[in-house]
């Protein structure tokens, strides 16, 4: 099992590490307040957060649209090709805008939340139960799924798994709502085992076919976008699944899956990769599997043991994970104490960096780890850091709407530190790295501030911050 982390070793750096991994980082003041709680109380505050802001209300993507009525609108124009084309363009434009605003809302929630672990786990479940707006095309359905992940983010995995099997967005994405008794659709039946619970090699093709029969009759009320069950389309009767025989329904199938030894190993590996290290050792996977079994797949006690473990705070785990594009974007704005850019800018940035929310590349989700960076994405990160700092776009001939105010240096650096370059660098290093850079790197930063002979002005400090955020160290968390 995991080894307890000694409370006497709890300090500023360990508090920062926990906020980075279990949330989206913190400013120096936030980290200091978090550190002052002590280890147990700090972990408690993440697992039992105060009431956060309520779900969005009144936004277009929170209002269900009558899917069938929209389809009838399209059908009525089939004999009028020009009007039909314009209507489809209008609907696509409307859908695109709703998804853009939904993503912006979620990013802002990550940035401003008082429940960072809840949002970090919502992001985890979004990547685990990957569902894409590109196929779902209904912002309301994707928002409902997002709210379901949030509501159940720290709860029981089996309960969440069953909720996902009835989630309209997932049912559309994996064609489950089309599965009929005479023609069971195998997409959900296969992916729920291959990608969500067991992994390849722990089930047979016969298991896929029998599981698909159990989920027939799952339907969607397209007016309210809610699950409904059609009993006459359900394939009742005996099924042989994972060595068991019975008249199983969908929930029975999921209960049997979770009981398989491979399930806690599969989920435990993903949780360890997400929170601790990219390449879990076998012993770490077995420890996580044991924790999940011990706590009956309840996330809160499992996460408590991770965040209270010596392994989580080890030197081999700290500052070793490449920030995901979403982590990079949200944490950068938090550290710079600046607002997120406009929705069209954040959409473009996530797309270029390889993690556009609500649009994973496939049902497997994002690979993460080293896949987050390449020559092109690193250069974009460096340029985007400059954009956040200076407000100036690196896009040639960028339109004025992309410009934004430069950050307020006075909020981040006390004015008196301009006379002490070494202390100024230390202050910014604590903010941006939550640790001291290597001596050679520190010397480079100090020498840059001293160049020119005069006290550094705001612009020079902004350039120094851009230099610091363009280091390999800043890409890690």
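Tabulated data for the structure shown
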| quantity | calculated |
| --- | --- |
| Mean shadow area of the range 7-46, taken as a quarter of the surface of its Cα convex hull (nm²) | 2.3 |
| Relative contact order (percent, whole number), the range 60-258, Cα cutoff 8 Å, 6+ residue spacing | 19 |
| Cα centroid separation - the range 170-211 against the range 452-477, whole Å | 51 |
| Cβ crowding within 10 Å averaged over residues, with 188-200, 268-280 ranked highest first | 188-200, 268-280 |
| Mean separation of Cα contacts under 8 Å (6+ apart) over length of the range 7-46, as relative contact order % | 46 |
| Gyration tensor (alpha-carbon) shape descriptor, the chain, a/c threshold 1.5 | oblate |
| Reciprocal of mean inverse Cα separation for the range 151-285 (Kirkwood radius, Å) | 15.6 |
| Value of relative contact order over the chain, rounded to a whole percent, pairs C-alpha under 8 Å and six or more apart | 18 |
| Per-peptide average of other Cβ atoms within 10 Å, ordering 456-469, 415-428 highest first | 456-469, 415-428 |
| Cα-derived Rg to Rh of the range 409-475, Kirkwood definition | 0.92 |
| Mean Cβ neighbour count within 10 Å, used as a protection proxy, ranking 5-12, 17-24 highest first | 17-24, 5-12 |
| Expected 222 nm ellipticity per residue - DSSP helices of 4 or more, -39500 (n - 2.57), all of the chain, to 500 | -16500 deg cm²/dmol |
| Estimated distance in nm for a label pair at residue 236 and residue 30, the labels positioned 7 Å out from Cα along Cα-to-Cβ | 5.4 |
| Shape call, the range 60-258: gyration tensor on alpha carbons, a/c limit 1.5 | oblate |
| Cα gyration tensor shape of the range 145-206, rounded if a/c is under 1.5, else prolate or oblate by comparing a/b with b/c | oblate |
| Semi-axes of the equivalent ellipsoid for the range 322-477, Cα gyration tensor, largest first, Å | 29, 18, 13 |
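Any read-out appearing in this document is the output of simple, stated calculations on the displayed coordinates, not a laboratory observation. Only a predicted model underlies this, so the values are computations on that prediction, with no experimental measurement involved. Cβ coordinates were reconstructed from backbone atoms using ideal geometry, including for glycine residues, and neighbour counts include every protein chain displayed.
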